[in-house]
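Report on the following structure.
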Amino acid sequence: MIDQKIFSIIDEERKRQEENAELIASENFVSQEVLRAQGSILTNKYAEGYPKKRYYGGCEFVDEAEDLARERLKKLFNCEYCNVQPYSGSTANMAAIRSLIEHGDTILGMGVDAGGHLTHGYKLSFSGRDYNSYSYNVEKETYLLNYDEVEELALKIKPKLIICGYSAYSRPLDFARFRKIADSVSAYLMADIAHIAGLVATGYHPSPLPYCDIVTSTTHKTLRGPRGGIIMTNNPEIAKKVDKNIFPGIQGGPLEHVIAAKAVAFYEDLQDSYKDYIHQVILNAQAMAKFFIDKGYSILTGGTDNHLFMIDIKKSRNMTGLECQKLLESCNITVNKNSIPFDDEKPFYASGIRIGTPAMTTRGYKEEQFIEIANYIDEIITHKDDRKYLDAIKEKVSELNKNYPLPN
Ligand code: DSN
C-alpha cells in the first residue's frame, strides 16, 4: 500500500531542487537532522497546552523537546520569553498583534509594495480587516525608509501599534528610532524579523529585542529550520498573553515534530559555523548586486547589506517581473517577481524581481558561483528570444549545481 503518485511527485521536486539555482530570498535547504526530526513519529502526538501543562497524557518526551526548543531559542536571541508553537509566521503575527491591542485599534505597518508583509496591515489580510490599518512607504528617490515621514504619519494617525521588519528591504533597520516614534504616540512596537532573523542571531544586524514589545519570525528562511513561526519578548505580562493567544486563542495541538525540528535548527544556529554561513550569505548577495549594478541594472537602494536585493527589471530591461521570473525558470534559475515601491504594474505582474542568497550559500556557493549565475541571468535576458541559446545556459546551470548537492 504505497502512494506511488505522491512519492513520484516528491522525487520530481527533489530533481527540480537539485538542478535549479534557488534564489528565492525566503527559501533555504534544511539539514538531514532537521528533516529527520520533522519527519519523525512526534507527528503522532497530541499535546495541546504547554510543557507540564498539557491537556493529554503521554507528553513527557514532547515536553522535553519543546523545552529544549525554547531554551535554545532564548539563547540564540538573548530573550527572556518565547513561544515556539506558531504554525507559521502569519499565525505568529496574528497572536502577537492580538496580545498587544484590541480589535478595531489602529496599526501602522509598511505597505506590501514597499517591502512589507501581508500580515502587517494589508487590507485583505486579517491584519487589515480586524484593525484600522495604515501603511508607511519608503522614499521615492532612494527607496530607503524615511523615519521622519514614519514619525509624521504616526503623529497624525496615532496608532496603538507600529510594525517594522520587511520581506523585500535590503538595508538595516534602526529599531531605536522606531522605539522613539512609538513612544511619541504611546504605541506598542513589534518587529517581524522573518527575513533577517539569521543575521540578528549572529550579530550581523542589530537586535530588535531591546526596543520592541514583541518580536516575531519564521524559522525556515535565514534560520534554516522547518517551516513555522516563533514569538519572543522580554516582557512577562506580554509573554503570558502570547501563550494564551496562540493556544487556545488561535491554534489547537502544537506540531511537536516541527517544534523538535525547530530545536535542531536552533542548535545548528548556535554553532560558530552558522555565523560563518551568514557572513558568506551577505558577501554573496553583495557580490551579486555589484555585478548587476556594473551591468547597468537598477538595484533598489543601490545595493544590499543583507541576504537579498531587488532589481527594478522593468526599468532595467523593459520586462515585467513575471516575464523575467518565467524566463529564468525556463533556464533552471528560480526567483520571484516582486512589486517595487510605487509600482505601476499590478502585483501579479510586478516591476521587480527579488534575489536572495541564503539557499545556494547553504549548498556551498561562494561569490564566484553567484557571479557565474548572475552572468547567466544577464545572458538569458539579453538572448530571451533565442531558445537554443537559453537551453545551453539551462544545461550549464544544472551542470554547475551537480557540484553543489542538497544537504538533505
Ligand atoms: N512569503 C514570504 C517571502 O517570500 O518573503 C514572506 O512571508
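The values are calculated or read from the model by the stated rules, or taken from the named source; none is laboratory data. All of these numbers come straight from a predicted model, not from anything done at the bench. So basically every Cβ, Gly included, is an ideal-geometry build from the backbone, and we count neighbours across all protein chains shown.
Set side by side, the residues Lys290, Lys240, Lys314 differ, and just one is touching a residue at least 24 places away in the same chain (Cβ under 8 Å) and charged (D, E, K, R), which is Lys314. So, Gly252, is that one part of a loop (DSSP other than H, G, I, E, B), of a type outside the set (Ser, Thr, Tyr) and within 20 Å of the chain's Cα centre (by Cα) or not? In short, no.
Give me the residue from the range 24-43 that is part of a loop (DSSP other than H, G, I, E, B) and surrounded by fewer than 23 Cβ atoms within 10 Å (Cβ to Cβ) and, out of that set, nearest to the ligand (Cβ to nearest atom).
The first filter runs over the range 24-43 and keeps only residues part of a loop (DSSP other than H, G, I, E, B), leaving 24-31, 39-40.
Next, only the ones that are surrounded by fewer than 23 Cβ atoms within 10 Å (Cβ to Cβ) stay: 24, 26-27, 29, 31, 39-40.
Working: Ile24: 7, Ser26: 3, Glu27: 8, Phe29: 16, Ser31: 21, Gly39: 23, Ser40: 26 Å.
Only one residue tops the list, namely Ser26.
Return the total of residues in the range 320-359 being in contact with an Asp or Glu (Cβ under 6 Å, 6 or more places away or on another chain), of a type in the set (A, V, I, L, M) and away from the ligand (no atom under 15 Å from the Cβ). So the answer is 0.
Scanning the range 118-129 for residues being surrounded by 24 or more Cβ atoms within 10 Å (Cβ to Cβ) and either within 13 Å of the ligand (Cβ to nearest atom) or at pLDDT below 95 (or both) gives a total of 2. Every condition in (1) closer than 22 Å to Ser170 by Cβ; (2) of a type outside the set (Ser, Thr, Tyr); (3) away from the ligand (no atom under 16 Å from the Cβ); (4) crowded, with 18+ Cβ neighbours inside 10 Å is met by Asn93 except one, and the failing one is (3). Just one of the listed residues (Ala260, Ala265) is in a helix (DSSP H, G or I), modelled with pLDDT of 95 or more, under 30 Å from Tyr46 (Cβ atoms) and in contact with a Gly (Cβ under 8 Å, 6 or more places away or on another chain), namely Ala265.
Suppose we keep only residues that are among the polar types (S, T, N, Q) and within 22 Å of Tyr143 (Cα to Cα) within the range 326-342. Which one would you say is surrounded by the most Cβ atoms within 10 Å (Cβ to Cβ)? If we take residues in the range 326-342 being among the polar types (S, T, N, Q) and within 22 Å of Tyr143 (Cα to Cα), then Asn338 is surrounded by the most Cβ atoms within 10 Å (Cβ to Cβ).
Restricting attention to the range 165-177, does a residue exist that is in a loop (DSSP other than H, G, I, E, B) and more than 20 Å from the chain's Cα centre (by Cα)?
Within the range 165-177, the first condition is being in a loop (DSSP other than H, G, I, E, B), and the residues that meet it are 165-174.
If we keep only those that are more than 20 Å from the chain's Cα centre (by Cα) too, we end up with none.
Scanning the range 165-177 turns up no residue that is in a loop (DSSP other than H, G, I, E, B) and more than 20 Å from the chain's Cα centre (by Cα).
Scanning the range 9-23 for residues that are more than 16 Å from the ligand (Cβ to nearest atom), in contact (Cβ under 8 Å) with a residue 40 or more places away in the chain and among the charged types (D, E, K, R) gives Arg14, Glu18, Glu19. Selection over the range 282-323 of residues that are under 27 Å from Ala197 (Cα atoms) and in a helix (DSSP H, G or I) gives a count of 16. Selection of the range 354-390 for residues being free of Cβ contacts under 8 Å to residues at least 24 places away in the same chain and not β-branched (Val, Ile, Thr) yields Glu368, Glu379, His383, Asp385, Asp386, Arg387, Lys388, Tyr389.
For beta carbons closer than 9 Å, sequence separation of 6+ or different chains, a first residue in the range 168-193 that is basic (Lys, Arg) and a second that is within 16 Å of the ligand (Cβ to nearest atom), the qualifying pairs are Arg171/Thr304; Arg171/Asn306.
Scanning the range 47-65 for residues that are over 17 Å from Lys244 (Cβ atoms) and crowded, with 16+ Cβ neighbours inside 10 Å yields Cys59, Val62, Asp63, Ala65.
Within the range 151-164, if we keep just the residues that are away from the ligand (no atom under 16 Å from the Cβ) and part of a strand (DSSP E or B), the residue that is farthest from the chain's Cα centre (by Cα) turns out to be Leu161.
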